[in-house]
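To start, the structure under review is shown below, and the notes come after it.
The values are calculated or read from the model by the stated rules, or taken from the named source; none is laboratory data. Note that the coordinates shown come from a computational prediction; the quantities given were computed from them, not determined experimentally. No Cβ is skipped: glycine too gets one built from the backbone with ideal geometry, and neighbour counts run over all protein chains shown.
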Amino acid sequence: DTGVSQDPRHKITKRGQNVTFRCDPISEHNRLYWYRQTLGQGPEFLTYFQNEAQLEKSRLLSDRFSAERPKGSFSTLEIQRTEQGDSAMYLCASSFLDGWGTDTQYFGPGTRLTVL
Amino acid sequence: AQTVTQSQPEMSVQEAETVTLSCTYDTSESDYYLFWYKQPPSRQMILVIRQEAYKQQNATENRFSVNFQKAAKSFSLKISDSQLGDAAMYFCAYKTQGAQKLVFGQGTRLTINP
């Protein structure tokens, strides 16, 4: 039973560069989420997909951020022209609506981004 | 907007003792879900326990139980017989029925003293 996986686990980049992260959800989970977590804080919601449709985006997701889930399976999160303020842990989660009408989100290990 | 507050940035407990972590939330909704997640150092976040707001009975998972006070908008986590492996950041989270995003508190760092 594989959980949510994320790649890479760590990324160091220079300001102004573009970076892309990948998330592979638990198989058969049709919902996928991206969160951002800065040091000492709880995760903050960025965006959410149901299958391949991006259904909700946070105001935190500036126009430099784009997320895709092209075939309803894995997802990518791209940050263009990175800034030092983008340094954070980027968490992916997936879920499946269960018979009780509740979907519980299961988290991946995260990608830690450091922008120099 | 919904908010979640964890007023204890850090807590410590002796191994085998019981500890309670506090969480309060603010919402005008009547149907929602509450969660406690555990994030060990450098490891991924895992679900500890979940509570549906419509259920009056407090959720229990082995050594973990909650005290859900809907009127007071309080959702505390009790860990009994604390073990060294319980050391982690603990996050309280809220989700409205029908919404997808989790709203997290700031977290409580729990230390277990041997």
Out of B:59, B:87, B:71, report the one residue that is of a type outside the set (Ser, Thr, Tyr) and touching a Leu at 6+ places or on another chain (Cβ under 8 Å).
B:87
Quick check on the stretch B:40-51. Is at least one of its residues in contact with a Ser or Thr (Cβ under 8 Å, 6 or more places away or on another chain) and more than 9 Å from chain A (Cβ to nearest Cβ)?
yes
Please verify whether residue A:96 is in contact with a His (Cβ under 9 Å, 6 or more places away or on another chain), more than 11 Å from chain B (Cβ to nearest Cβ) and either within 25 Å of residue B:91 (Cβ to Cβ) or at pLDDT below 95 (or both), treating the condition exactly as stated.
yes
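For (1) within 11 Å of chain B (Cβ to nearest Cβ); (2) touching a Cys at 6+ places or on another chain (Cβ under 6 Å); (3) at pLDDT below 90, each residue gets a yes or a no:
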| position | (1), (2), (3) |
| --- | --- |
| A:9 | yes, no, no |
| A:12 | no, no, no |
| A:63 | no, no, no |
| A:83 | no, no, no |
| A:92 | yes, yes, no |
Residues of the stretch A:1-22 classified as closer than 20 Å to residue A:115 by Cα and either surrounded by 17 or more Cβ atoms within 10 Å (Cβ to Cβ) or among the basic types (Lys, Arg) (or both), total:
8
Failed condition for residue A:40, given (1) crowded, with 21+ Cβ neighbours inside 10 Å; (2) within 9 Å of chain B (Cβ to nearest Cβ); (3) not acidic (Asp, Glu)
(1)
